[in-house]
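The values are calculated or read from the model by the stated rules, or taken from the named source; none is laboratory data. Quantities reported herein were computed from a predicted structural model and do not represent experimental measurements. So basically every Cβ, Gly included, is an ideal-geometry build from the backbone, and we count neighbours across all protein chains shown. What goes into the accessible areas is simple: the full protein's heavy atoms, side chains included, and nothing from ligands, DNA or RNA. Shrake-Rupley method; radii C 1.70, N 1.55, O 1.52, S 1.80 Å.
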Amino acid sequence: MPFLSIPVKPLNELTPEKNNLSEKIYQDLRLRLIVGDLKPNDSLTIRTLAEEFGVSTMPVREALKRMETEKALRGAAKRAYRVPDISAEEASNVLFVRATLEGAGAVQAIKYLTASDFKRLREFSFAMDLSWEKLDAHNFLLNNFQFHSLIYRSTRNSDLSEIAEALYTRSGPWLGRAIREFANKQDWANEHHDIVDAFEAGDAARVQKLIEADVNWGATYFRERERSSSNIT
């Protein structure tokens with residue numbers, strides 16, 4: 001099965017907010033964080049991004065300030081920002097909150113997901129399998145995001161969706177680091193197929209448990225990494 005190229009619809013398409021230049025830049029940078037293309041400590045300058053997008057510095061500055069407010073970026077200098085290099089414990093905490101929120105959201109989504117949605121979720125999961133076999137972290141993380149975002153956006157709760165996506169953006173660079181550092185692909189098992197099975201069976205309790213376990217994999221990884229670092233020092 002080829003990699004999916006289903007475009008990711010930004011949350012602003014679910015609201016009447018005007019889709020202006022700043023919004024487009026914001027959504028582009030946000031996706032780069034989510035799929036780990038932007039890594040902890042990467043630097044972003046207003047001028048460089050303005051040249052890349054072919055716009056003035058104003059919409060770039062607005063997008064970056066918005067991301068700083070959401071804790072996805074930190075101001076590094078007068079005209080530069082940096083992807084935060086938070087501790088393993090902080091990354092674990094963000095992933096724990098994300099797991100709890102998405103687990104609760106999945107229980108709500110089960111009322112609204114359709115057979116067509118289940119098919120798409122299954123396609124994302126198969127694409128993740130193929131990406132993992134090829135050690136293609138970018139496409140793995142992209143399909144993982146599309147899988148999870150389809151679920152929490154189906155809750156019909158815009159507040160939950162916005163918070164979940166903000167947390168996903170913050171956790172993306174560290175999840176990307178974890179995936180790229182995973183040397184033995186046999187250590188990983190794709191539980192997303194089980195999640196789709198639970199959705200199709202209408203088993204809300206199992207859906208919640210599996211979603212929380214899936215997201216908490218990242219939290220467990222970072223807690224173990226923190227303990228290992230402490231033992232070394």
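Residues considered: Glu62, Glu89. Of these, the only one that is under 21 Å from Val215 (Cα atoms) and open to solvent by 40 Å² or more (accessible area, probe 1.4 Å) is Glu89. Considering region 125-233, the qualifying helices (runs of 4 or more DSSP H), each wholly inside and each with 3 or more residues that are modelled with pLDDT under 90 and in contact with a Phe, Trp or Tyr (Cβ under 8 Å, 6 or more places away or on another chain), run over 158-181, 204-232. Restricting region 101-125 to residues that are touching a residue at least 40 places away in the same chain (Cβ under 8 Å) and surrounded by fewer than 16 Cβ atoms within 10 Å (Cβ to Cβ), the residue that is nearest to Asp194 (Cα to Cα) is Phe118. Restricting the first member to region 151-169 and to residues that are touching a residue at least 12 places away in the same chain (Cβ under 8 Å) and at negative phi, and the second to residues that are in a loop (DSSP other than H, G, I, E, B) and small (Gly, Ala, Ser), the beta-carbon pairs closer than 6 Å and six or more apart or on different chains are Thr169/Ala72.
Out of region 146-178, which residues are open to solvent by less than 20 Å² (accessible area, probe 1.4 Å), more than 8 Å from the chain's Cα centre (by Cα) and β-branched (Val, Ile, Thr)? Matches in region 146-178: Ile151, Thr155.
Going by the conditions given, is Arg30 farther than 27 Å from Lys209 by Cβ, modelled with pLDDT of 95 or more and either open to solvent by 10 Å² or more (accessible area, probe 1.4 Å) or not aliphatic (A, V, I, L, M) (or both)? Let's see the steps before the verdict.
Values: farther than 27 Å from Lys209 by Cβ: yes; modelled with pLDDT of 95 or more: yes; either open to solvent by 10 Å² or more (accessible area, probe 1.4 Å) or not aliphatic (A, V, I, L, M) (or both): yes.
So Arg30 fits the description; yes.
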